[in-house]
Each structure stands twice: as C-alpha cells, then as structure tokens.
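Remarks on the structure that follows.
The values are calculated or read from the model by the stated rules, or taken from the named source; none is laboratory data. It should be emphasised that the depicted structure is a prediction, and the values quoted were computed from it without experimental measurement. Neighbour counts run over all protein chains shown; Cβ positions are idealised from the backbone, glycine included. Side chains are part of the model used for accessible areas, which takes the heavy atoms of the whole protein and leaves out ligands, DNA and RNA. Shrake-Rupley method; radii C 1.70, N 1.55, O 1.52, S 1.80 Å.
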Amino acid sequence: GGGFVLVPGFLWLNRHMGMEESQAMLTAVATSMTTMIITAWVATRRHRRLGNVVLDLSRAMSWPLFFGAFAGAILATKVPVEILKTAFAAFCLYSGFRMLRTKHAEDLVEVAPVETIVLSSGDSSHLE
C-alpha cells in the first residue's frame, strides 16, 4: 500500500531536513499513518453512503483494531529504531517477493464470499 512509498519517502525527507535519526523513522511512520487514516475515513464515509459497509461487522472489528494500534504505538516507542527499520525492510521484501511469485491478485488474499461476511455479522437482511 501507500506505506511502502510514503514511509521511505518521509524518512528521506526527514533526514534531509536535519531530523535526528531516532525521530526520523517514528515521524515517517506517524505521518504515513495520518495520511492513511484520513484517506480511510473519507472512503468509509463514501462506502457507507453507498450501503457497502456492514455496520455490525465494523463495530465488532473496531475495538480489537483500536487496541492493536494502541499497543503497536507503545511498542514502537520502546523498540530501538534500527530494529523498526530492519523489520519494515524485511516486511517490504517479503511482500515484494510474494507479489512477484503471485500471478493473480486474488491469490494474495483469501476473500470470503459477501454472503459469509454478512451472515457472520448476524445480519442477513442484505441477502433478500
């Protein structure tokens, strides 16, 4: 996604602006996440208006995602910057190799049929 381009770009920019190395990576990730949050918020509003959002499922997913993001943010302040940079680089390489080996985008992610998602949220009114 955008983080593959934005984080290295922001990291380069932060370094060239004279930012201390220990802050450059954290600021790059935080800036990238901010752009993604804004984009996701706008897209979610639009898809909700179009009726493409299953609210029960969204609510069920929101708390685990919130706590995971909060825990990740705390962890990021405790882990040395070099480890964060190495982990990010390893993730980018892994994702890149996986994309190169995959012929079809559908093979990258297992997608459940819409009916399964809607039924698992307890709301079957969309199926009629």
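List the number of the failed condition for GLY18; all other conditions in (1) farther than 25 Å from PHE66 by Cα; (2) in a helix (DSSP H, G or I) hold.
(2)
So which of LEU50, LEU6, LEU100, LEU26 ends up being open to solvent by less than 90 Å² (accessible area, probe 1.4 Å) and more than 15 Å from the chain's Cα centre (by Cα)?
Among LEU50, LEU6, LEU100, LEU26, only LEU26 is open to solvent by less than 90 Å² (accessible area, probe 1.4 Å) and more than 15 Å from the chain's Cα centre (by Cα).
The conditions are (1) modelled with pLDDT of 90 or more; (2) under 18 Å from GLY2 (Cα atoms), and ARG49 fails exactly one of them. Which is it?
Of (1) modelled with pLDDT of 90 or more; (2) under 18 Å from GLY2 (Cα atoms), only one is false for ARG49: (2).
Hey, can you tell me all the residues within the stretch 10-35 that are of a type outside the set (A, V, I, L, M, F, W, C) and free of Cβ contacts under 8 Å to residues at least 12 places away in the same chain?
The answer is ARG15, HIS16, GLY18, GLU20, GLN23, THR34.
Has the stretch 95-109 got at least one residue that is at pLDDT 75 or above and of a type in the set (A, V, I, L, M)?
Of the residues in the stretch 95-109, the ones at pLDDT 75 or above are 95-102.
From what's left, of a type in the set (A, V, I, L, M): 99-100.
Yes: one or more hits.
With respect to the numbered conditions (1) without any contact (Cβ under 8 Å) to a residue 12 or more places away in the chain; (2) open to solvent by less than 50 Å² (accessible area, probe 1.4 Å); (3) hydrophobic (A, V, I, L, M, F, W, C), which one is the sole condition not fulfilled by ILE38?
(2)
Could you identify the single residue in PHE66, PHE88 that is open to solvent by 80 Å² or more (accessible area, probe 1.4 Å) and closer than 19 Å to SER32 by Cβ?
Details: PHE88 fails: open to solvent by 80 Å² or more (accessible area, probe 1.4 Å).
Result: PHE66 is the single residue among PHE66, PHE88 that is open to solvent by 80 Å² or more (accessible area, probe 1.4 Å) and closer than 19 Å to SER32 by Cβ.
I'd like the residue in the stretch 58-89 that is touching a residue at least 40 places away in the same chain (Cβ under 8 Å) and over 18 Å from the mean Cα position of the chain (by Cα) and, out of all such residues, is nearest to MET19 (Cα to Cα).
VAL81
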